[in-house]
Structures are given as structure tokens and as C-alpha cells.
Amino acid sequence: MSVNGGPRGGKLRCTRKRTLAMIGGVLILIIALTVGLCVGLSGDGNGVSEQQDVPVFSIDHQANTFLLNGQPFRYVSGSFHYFRALPDAWRNRLRTMRAAGLNALDTYVEWSLHNPHDGVYNWEGIADVVKFLEIAQEEDFYIILRPGPYICAERDNGGLPHWLFTKYPDIKVRTNDPNYIAEVGKWYEQLMPRLKHLFIGNGGKIIMVQVENEYGAFNACDHDYLNWLRDETDKYVENKALMFTVDIPNERMHCGKIDNVFATTDFGIDRVYEIDNIWKLLRGVQPTGPLVNSEFYPGWLTHWQETNQRRDGQVVANALKTILSYNASVNLYMFFGGTNFGFTAGANYDLDGSVGYTADITSYDYDAVMDEAGGVTQKYELVKQVIGEVLELPDINLNPAKRLAYGKVELTPALELLSAEGRAALSKGTPVTSDKPKSFEELDQYSGLLLYETTLPSFDLDPTLLQVDDLRDRAHVFVDQQLVGTLSREARIYALPLSKGWGSTLQLLVENQGRVNYDRANDTKGIFGQVTLQLHNGGALPLDNWTTTGYPLEAYTVEAWRQRQTEMNTALAPSIAQQRLLRSGPILYTGSFQVTEVGDTYLNVAGWGKGVAYVNGFNLGRYWPLAGPQITLYVPNELLKVGQNSLVLLEYQRCNKTLNGAELPAVQFDAVAQLDGQSGEAQK
Ligand SMILES: *[C@@H]1O[C@H](CO)[C@@H](O)[C@H](O)[C@H]1NC(C)=O
Ligand SMILES: *[C@@H]1O[C@H](CO)[C@@H](O)[C@H](O)[C@H]1NC(C)=O
Ligand SMILES: *[C@@H]1O[C@H](CO)[C@@H](O)[C@H](O)[C@H]1NC(C)=O
Ligand SMILES: *[C@@H]1O[C@H](CO)[C@@H](O)[C@H](O)[C@H]1NC(C)=O
């Protein structure tokens, strides 16, 4: 018996509900009775149901091809995640993709964007996924929808909302945990009805809907969960599109395979040399049907403190040609990458511990086929040529935005984050006092900073060693409001010396650098271990009675402060304003710049340390030129206006002033991106 749906697997509306189970060596067929659906539809018996039973998009298991309206069909698609470009840029990006010959668009749906807090939903602006998909249809794409709900995607927490851990501290995401599946059920109840009219069987262009994402790579291997998610997805898809899975080609593929869901795989240029072996692995879980590479990587993701991950365009084009020569369908991940605006970038954590925690850069340029600003590249021309050999290239005129250099902008130091004024303006809620430090999730805070404060007890060593266990991710340490050092999960530095005479108040300002998005999705943030001082006898004195203050740093809070500040025009004391190293904590700098012609531009933060930048009340994302390789932040033209534009830099560490302090601190708006900067260069 085939567990792969047999011929024309798309027809198995009711039998899809079957699960095979071996119990005591006896093969037992359990028919999960989703009675309402099956009986309801088959009971129709009026000719309409017959029509409904022929899916518009299905699989021919004899000819190993997709069928669209009964005709053999193959797609070459490109990934573009709507949440990585501004809505006003969506059509332009899509049209550029279509011009390369792609006939399908592939996108994830990000749960945490649409459902930022329990019970709160967002479908506007950059979260208007329906509008995005409708534009894609208008631009002549079929659509491959990947709703996760876990999406990886180098996004914070792999797209899962942080508040799952606020509500259920012990939740086991991506498993059959009743709390998790109840929340996924509630989410799909919100999401799926909005998309229903877009399924191809309902007259739209969504041909495929993914169930979970690279689940074989997840240690749980929980098929009860996968079967539940399949049925939950099918509740809405109802055979109006084809459900599929994507798994890395390896010995764990069976952990991602779901009965009666079409299996595909993913691989990049580094594995094309073993393509026959990869198809063999895929055939191990999916014996018939078209071959599909759901994520062919023309570039790769980049972390802070490593070299920008470039991939050669000719090598990419050749590999694509090889894949297409097998009559496979293929999705280029990413065709257009875009930007991890705000605090949305994710991170990695390697389980064998050799690298540990590494956070993703803000840019998701990815060295993709198009660049971060949506422009065509040499790689684009090479890839287009290869696509043109199998699909018709449409005749489309492109209209790219200009890239402009607005030059130098001087900045004024305007607010100390940790001062009384800074707390009043930017901290959220009442500070919480507790024995142990509170986490971001306990405070229902997505990202930004947490300030932990306590009083230092007397200690009998000079110096003693302050130790912070299980820090996620980075802490600036202050004694009596003076910086005494930095601890870091990335650098695996969790201790620093404190001298006796330094003072009595201890502050740890902890930055969330992005939740891990791959392999696990439970990377909660804050301080989880003990904070101790070393004692003379070798023991450790735990510190307790912590006050935790949250700084979510949402764009609207920062913008509200900026507007008040502009009216009041208050200035910092010169002793603070002239600091180069920010000894008493982060400072907000403000500036403005004139624009006579609106274009794309890049905010160059060379000479600064680490922080967050806001333009016209929009959070561009984290910057960290000291670490590199990203030196510039992409500023979409859609954010700018003719006339005066505003800029806020929240700098954690270091102002870009020269030592003699003759000039005001400044940034520069450039016409070109700088994503390949060396940390050494940036440190001048
Ligand atoms: C690809 O499809 C064509 C047309 O159906 C067929 O002639 C050819 O043998 C196929 N190639 C492979 C490698 O399957
Ligand atoms: C987080 O997930 C990883 C990988 O699935 C697992 O090993 C670890 O125990 C989890 N941690 C917690 C606190 O649940
Ligand atoms: C805990 O800290 C708060 C705030 O600093 C202080 O008012 C309180 O007295 C402290 N409690 C103890 C038991 O030390
Ligand atoms: C600060 O930034 C300005 C504008 O980009 C630049 O001209 C200057 O060299 C930078 N200063 C330092 C010390 O890096």
C-alpha cells in the first residue's frame, strides 16, 4: 500500500485522513473520522461534487509531473517574504522577479508579525499578506504558500511569537503539546479564512501549501503533531491546493514526511555534485511524482562578525541548469531577500557547541538573485538566461528606484537611556522587583533591552568576580552608573572583575540580539542562571532582589519622544554629550536631513559602535559596524519625503566622534551598500 497518495494523490480528500499504525506486528488501519468534512462532501451527490473532486492542481504519479488543469506543469519560483520589504515596494519587486521568467512566487507567513501579543492581530501595512498575494496574482504568479507555523527563515524565534513562552513557560513548540496545538489552531482560524479565496481550486493562484517546515531537522520527530497539523491545514485547504513538505536531504527525512502530503527537498550549490544521491533520498520518502527542490540557495545568510556570504553567479546559474535538466521544479531561496527591519533578525546556535550563539545581520540581502534594494545583479542576468531555456521570458520594462547619496548628517546627543528622563520616555510598564531577574518573555516583551538592577552586598575580595550564568545575549555592566565592562553570549564571556571601592549599585543592561530560529525555537531572553560574586573561600554569593525595567524600543515610542524632544529642544550636559565611549549607558542622538529628490539610500554608521537606527519613525534595524560585515543599513525610498526627514540613533557603546572632539558626531547617507566591511576597518 502506498503511503504517498498513489496515483493522483490530490484526489484523496477523505482517505487523506488515514493513518497507518503498526501495533503488535498487526497492520491496523485507523480511519480518523473527520466525519463532518468527508460525509458532508461525499453526501452532496449532485454533480457539483464531481467537479469539485477534480483538483485544478494535482500530481500525475505515472508521468512524475504536476498537473495544472490537466496539463503537465513545472514551476521555477522565487522566494520573497513580504515582511522583508515595505508594501509600496511589493509590486516593483514582484515585477522584477517576473521579468526573470519565474512563474511562481514562494513566501512564508510570519505568525509573530500578525499576532504580536496574545489575542492581538495585525493585518495592516507590512502585515497585509492578502494584499501582497493579490498583487502577486496580478503580476501573473502562481503562489507557493508556506504558513509554517514555524518558518525558520532567519527570523526571530523562527516566526513563532515570543508570547507563547509568556503564556506557557514550559511549552514544547512544534510538538503535540496541547497548549501549542491549541494556539496553532487559534492562529489558523484567524489566518486561513483570509486566504481561502486565493487557493487555486477557489479561483485564486495558490497552488501549494506547506505543512510545517524542515521538520526532519527538528529533534522531536513527532508524527502525532505532524498528522494533526496536516489535518488542521486541510480543514481550510480542502483539496483546493496541494499540501507539501520540505526536508533537508538526509537520513532524517522520514521525520518530516507526512502521510498523504507531497514531499520535496532543498539543497544549494554545495550539494549539486551529489544531485543523483539527493533525488534518491527524496525517492526514499516520495517514490513517485515530480522532483522538487523547494530551496535552492543562490546565496546564503550572514551573521555578525563573519565574512559576508557571497556565492558566485555563474556557479549558481550552472547549478540551476543542472537541477532543471532533471525536469525538476525549483524554488530559488532567496530570489529577493530584503531586510530584517526592526528586531526581526534571528540567530543560530550550533548544538555541538563549536560556534555557539551567532546573531544574523539586519540585511537579508543574502547575496540573492536581486539585491537588498530590489535591483538586478549580474547573477540575475545569468539566472534569467537559464530560466529562459525552460520558461517563456515575459516582456517587462523595469523601473528601478534611483539610489542617492544624501551625504553627511550631524547628530546631537539628546537623551541618556538610563537617566530618569530616559526611563520616563522609553521604559514600559512599572519596573518589577523579584528574587530572580525577569525574562523578556515574563514581561511579554518581544525585543529591545532589559535593565536589571540590584544593590551590591559587601564582599571580601578585591577584586571579586561577577559571574552571570545563562545570559541571553549581551550585558553592559555598570557600577554606580559607570560602565565596568561587557558580557557576551557570542564571545562566551560571562564574568568580569569588580573592585571593592567602585560603588554599591549594580546594573546589567541586557540586549536581546535575536532568538535562535533553527533547530530549536525556545531561545527565551534575559538572565536565566544565577548572578554571583566570588568569595574568599572559593564560594559564590548569589545576588537577589532584582528590579527589572523593560525598554521595548518600539519605533512609535522612540518617535513620540523625538517629537516632544524637538519641541523642548533640551540638551545633555556637556560632560555627557562629549563622551566618545558611552560610560553611563546608551545615548539617543537625533538629527535631520533635507531631501530634494526621494531615492533609495544607505545609512553608513562607520565609526559608531552598536545600536538601533530609526528614520522618520521607522526602525531600520540593528547596526554594529564594530563587528561587521554590515556597515550600512538600507533605507527604502518609501520612507523618505521631500523636505525635512528625521533620524534617531540609539547607540549602546560608542559615539563616532574623533578623539579631539572637534566635530559633532555624524553619519552619512551613501548611494551604495557596504555589506562586506571588515571589522578592523570599522574600528579606526
Ligand atoms: C524531461 O521531460 C521530457 C518531456 O516530457 C522527457 O522527454 C525527458 O525524458 C525528461 N527528462 C528527464 C531527465 O526525466
Ligand atoms: C530547547 O530546545 C532544545 C532543542 O529542541 C532542547 O534541547 C532544549 O532542552 C530546550 N530547552 C528548553 C528550556 O526547553
Ligand atoms: C529590594 O530592593 C528594593 C529596591 O531597591 C528595596 O526597596 C528593598 O528594600 C530591597 N529588599 C530587600 C529585602 O533587600
Ligand atoms: C563619523 O561619521 C562621519 C560621517 O560618516 C565620518 O565622516 C567620520 O569620519 C566618522 N568619524 C569617525 C571617528 O569614524
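The values are calculated or read from the model by the stated rules, or taken from the named source; none is laboratory data. Note that this is a predicted model, so its numbers are computed, not measured. With ideal geometry, Cβ positions are generated from the backbone for all residues, glycine too; neighbour counts draw on all protein chains shown. Keep in mind that these areas ignore ligands, DNA and RNA; they rest on the heavy atoms of the full protein, side chains included. Shrake-Rupley method; radii C 1.70, N 1.55, O 1.52, S 1.80 Å.
If only one of Q51, Q62, Q71 is away from ligand 4 (no atom under 16 Å from the Cβ) and at pLDDT below 95, which one is it?
It is Q51.
Test K428 against the criterion of being of a type in the set (K, R), in contact with a Pro (Cβ under 8 Å, 6 or more places away or on another chain) and open to solvent by 20 Å² or more (accessible area, probe 1.4 Å), and give yes or no.
The answer is yes for K428.
If a residue has to be in contact with a Phe, Trp or Tyr (Cβ under 7 Å, 6 or more places away or on another chain) and of a type in the set (D, E, K, R) to count, how many in segment 60-73 make the cut?
Of the residues in that region, 0 qualify.
If you scan segment 172-211, which residues turn out to be of a type in the set (S, T, Y) and either closer than 17 Å to M253 by Cβ or assigned to a helix (DSSP H, G or I) (or both)?
Across segment 172-211, the qualifying residues are Y180, Y188.
Of the residues A560, A606, only one is outside any helix (DSSP H, G or I) and at pLDDT 95 or above; which?
A606
Taking only pairs six or more apart or across chains, which ones have beta-carbon atoms under 9 Å, a first residue in segment 215-227 that is within 16 Å of ligand 4 (Cβ to nearest atom), and a second residue that is not in a helix (DSSP H, G or I)?
Cβ pairs passing all conditions: none.
For residues that are farther than 18 Å from F199 by Cα, of a type in the set (A, V, I, L, M) and either assigned by TED's automatic domain parsing to the domain that holds K240 or not in a loop (DSSP other than H, G, I, E, B) (or both), tally how many sit in segment 51-104.
9
Taking into account only those residues within segment 611-640 that are touching a helix residue (DSSP H, G or I) at 6+ places or on another chain (Cβ under 6 Å) and part of a strand (DSSP E or B), which is nearest to D670 (Cα to Cα)?
Checking each candidate, the answer is V615.
Take S419 and decide whether it is within 16 Å of ligand 2 (Cβ to nearest atom) and either under 30 Å from E139 (Cα atoms) or not charged (D, E, K, R) (or both).
In short, no.
Need at least 1 residues that are touching a Pro at 6+ places or on another chain (Cβ under 8 Å) and closer than 30 Å to N637 by Cα per element, so show me which strands (runs of 3 or more DSSP E) inside segment 323-382 make the cut, counting only ones lying wholly within it.
Hits in segment 323-382: 329-332.
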